[in-house]
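This report concerns only the one structure given below.
The values are calculated or read from the model by the stated rules, or taken from the named source; none is laboratory data. Predicted, not measured: the structure shown is a model, and the values here were computed from it. Ideal geometry is used to build each Cβ from the backbone, glycine not excepted, and the neighbour counts take in all protein chains shown.
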Amino acid sequence: MLLQEAIDEFLLYLEIEKNYSKNTVAGYSFDLKTFEDFLVKHHRSLELNDIHKTLVRRFIQEQITKENMKPRTIHRKISCLKSFTKYCTRENLLMNDFMVGIETPKIDNKLPVYMSLQELQKLFRYLENDTGRFAIRNHLMFKLLATTGMRRSELVDITWGQLDLFNNTIRIHGKGKKERLLPLHPMIVPLIVDYKNSLPEYLLHPSQPVFINKNGDQLNPRGLHKIFKETLEKAGLPPKRFSLHHLRHTFATLLIQENKENVDLRIVQELLGHESLVTTQVYTHVDFEQKKKAIDSFNIFEAPS
């Protein structure tokens, strides 16, 4: 079987049987296409059973040396290939799993980048005073991200039918199409009403996307990313420092930092849609000040005489 045929079957399996979102499937498709392009570029066989681990190692080496891929990206590509060959082996499409013995690079466990409360408030002040053509939309989008912690793919996929302004909730379709119900912050509701009033009625049908571009089509993640970078610059914040995902980090970090009495990790886990609490535990770094106070009050030394 040709590699492309196996890839097509694998992607169909992810979409239909695993119920992965279209964005997740697109990510797998991109990584597998990168590997196929490597084989074509080096005039290698595209027969699935002709591929061996030496080729995979050369692919990884090229991605690191020529494409300057970061360890986290390489880790993702290797994980994608491992999932692919595991599926192919299970379905008897592949005789020998060529990913056996291929190790993923070590990833530094860096603390998440996030905005300080002052930086977030600076962004908010700009959004509140912006008078541009898409000011109402952008104001809502970025405050909604900052007060829910949803992913950018989740934001652009929201339809009017997912918003419940009677109960002030929003239903999110997350990874694996798993649903979670999020409460809307009180300051978000009037922004939704203002934005809704700015749109023609035919765009307000429950099946219509909430956030649209200048052509009236659904905004895509790439377009949202571009708008966010432009907004950061206009707000006087460094666009190279922050990304949309950092806004998600900001939500989780400040939620714990500013509201310790009412928030525990399990609440944050459910709000973010994390499968494992371990993923959420990275945000406990925000308690540095609390840790410092604990150390300072650790009275094990005798007072000087």
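Details
- Residue count for segment 165-195, restricted to those that are more than 29 Å from T24 (Cα to Cα), touching a residue at least 24 places away in the same chain (Cβ under 8 Å) and in contact with a strand residue (DSSP E or B) (Cβ under 9 Å, 6 or more places away or on another chain): 0
- For first residues located in segment 102-128 and crowded, with 16+ Cβ neighbours inside 10 Å and in a loop (DSSP other than H, G, I, E, B), partners that are of a type in the set (V, I, T) and at pLDDT below 90 and lie 6+ apart or on another chain with Cβ distances below 6 Å form the pairs Y114/T250; Y114/T253; M115/T250.
- Segment 196-211, residues that are more than 12 Å from L140 (Cβ to Cβ) and touching a residue at least 24 places away in the same chain (Cβ under 8 Å): L204, H205, P206, S207, Q208, P209
- Residue that is farthest from the chain's Cα centre (by Cα) [pool: residues in segment 178-213 that are more than 27 Å from K22 (Cβ to Cβ) and surrounded by 14 or more Cβ atoms within 10 Å (Cβ to Cβ)]: L191
- Hey, F288 among the aromatic types (F, W, Y) and modelled with pLDDT under 85 or not: yes
- Per this entry, L12 is counted among residues that are closer than 25 Å to R222 by Cα, exposed (fewer than 15 other Cβ atoms within 10 Å of the Cβ), over 20 Å from the mean Cα position of the chain (by Cα) and aliphatic (A, V, I, L, M).
- Residue ID - nearest to V113 (Cα to Cα), chosen from residues in segment 224-242 that are under 16 Å from the mean Cα position of the chain (by Cα) and in contact (Cβ under 8 Å) with a residue 40 or more places away in the chain: F242
- Residue in segment 16-33 that is at positive phi and within 18 Å of the chain's Cα centre (by Cα) present: yes
- Against the numbered list (1) buried (at least 19 other Cβ atoms within 10 Å of the Cβ); (2) of a type outside the set (A, V, I, L, M); (3) not in a helix (DSSP H, G or I), H139 comes up short only at (3).
- Checklist (1) surrounded by 15 or more Cβ atoms within 10 Å (Cβ to Cβ); (2) assigned by TED's automatic domain parsing to the domain that holds V25; (3) over 30 Å from H245 (Cα atoms); (4) of a type outside the set (A, V, I, L, M) applied to D97, failing item: (2)
- Top-ranked residue in segment 15-42 [being outside any helix (DSSP H, G or I) and surrounded by 13 or more Cβ atoms within 10 Å (Cβ to Cβ); ranked as modelled with the lowest pLDDT]: S21
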